[in-house]
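The values are calculated or read from the model by the stated rules, or taken from the named source; none is laboratory data. Computed from a prediction, not measured in an experiment: that's the story for all the values here. Cβ coordinates were reconstructed from backbone atoms using ideal geometry, including for glycine residues, and neighbour counts include every protein chain displayed.
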Amino acid sequence: MKLVALQGGGAADEVLRSAQDAEDFEQDLVDEYALAMAAAGLTDGHVRTTRAAVIEFARSLTCPLWEATANDADRFLAEQRRKGLSVTTRAGKAGSLAQFYEFLITRYQGQIRRMTGVTVDQPIDEFNRQKGKSLGKVRVPPSDAEVEELFTGWRASIPDARKYLPAARDYFAASLWRRLGLRINESVMLDIRDWCRRSMVWISSSTGG
């Protein structure tokens, strides 16, 4: 790592004198990013997950975070794939890293350059960041026969359900979504009369009446 002292009598805290100084500065940058995410109203869970991804990336490097290159990110993301992580998980980590480096570049580029002589680059680029259709496989809807098989089996299982009314309710709601395209907010507006009418139709069809 190339370290340079400030020219013109800069502040002492803007000179990295040792490896420990560099490690402490790196930790400060990660903590500042976590603070910025919290200030933006992001959830504690999101902050923890993002911070963990940045730290994991840092541990994979042989240099400080501000010296990381696209090749470092390539190796990290390739290793994530070898570990068997899903496409969406890998893409989430890549996105977290990209946002972290945008933060460094926007807020701390000048300070990092003064303290280390390094210009921070964005290691996540259009070539190693998965996006769009590559985030998952194409979802093929089930066939009519498969849908019919699902609902036939579901309907037959209701009389044996441990809690009959909740089971019948769930089947009734799903049947409405299937046949009428009813939305969830419309479903919750149904009253008992709608339920009774639909139940009578269901009983009649299931008994052959």
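What number goes with the only condition from (1) at pLDDT below 95; (2) of a type in the set (S, T, N, Q); (3) assigned by TED's automatic domain parsing to the domain that holds Ser96 that Thr69 does not pass?
The failed condition is (1).
If I go through region 62-93 residue by residue, how many of them are without any contact (Cβ under 8 Å) to a residue 12 or more places away in the chain and farther than 17 Å from Arg129 by Cβ?
The qualifying residues number 4.
Which members of region 38-76 meet the condition of being within 15 Å of the chain's Cα centre (by Cα) and either under 30 Å from Gly117 (Cα atoms) or part of a helix (DSSP H, G or I) (or both)? Outline the logic, then answer.
Filtering region 38-76 for residues within 15 Å of the chain's Cα centre (by Cα) gives 42-54.
Selection gives Asp44, Gly45, His46, Val47, Arg48, Thr49, Thr50, Arg51, Ala52, Ala53, Val54.
Among the candidates Glu79, Glu56, single out the residue that is in the same structural domain as Asp31 (by TED's automatic domain parsing) and more than 22 Å from Met37 (Cα to Cα).
On the way: Glu56 fails: more than 22 Å from Met37 (Cα to Cα).
Every option except Glu79 fails the conditions.
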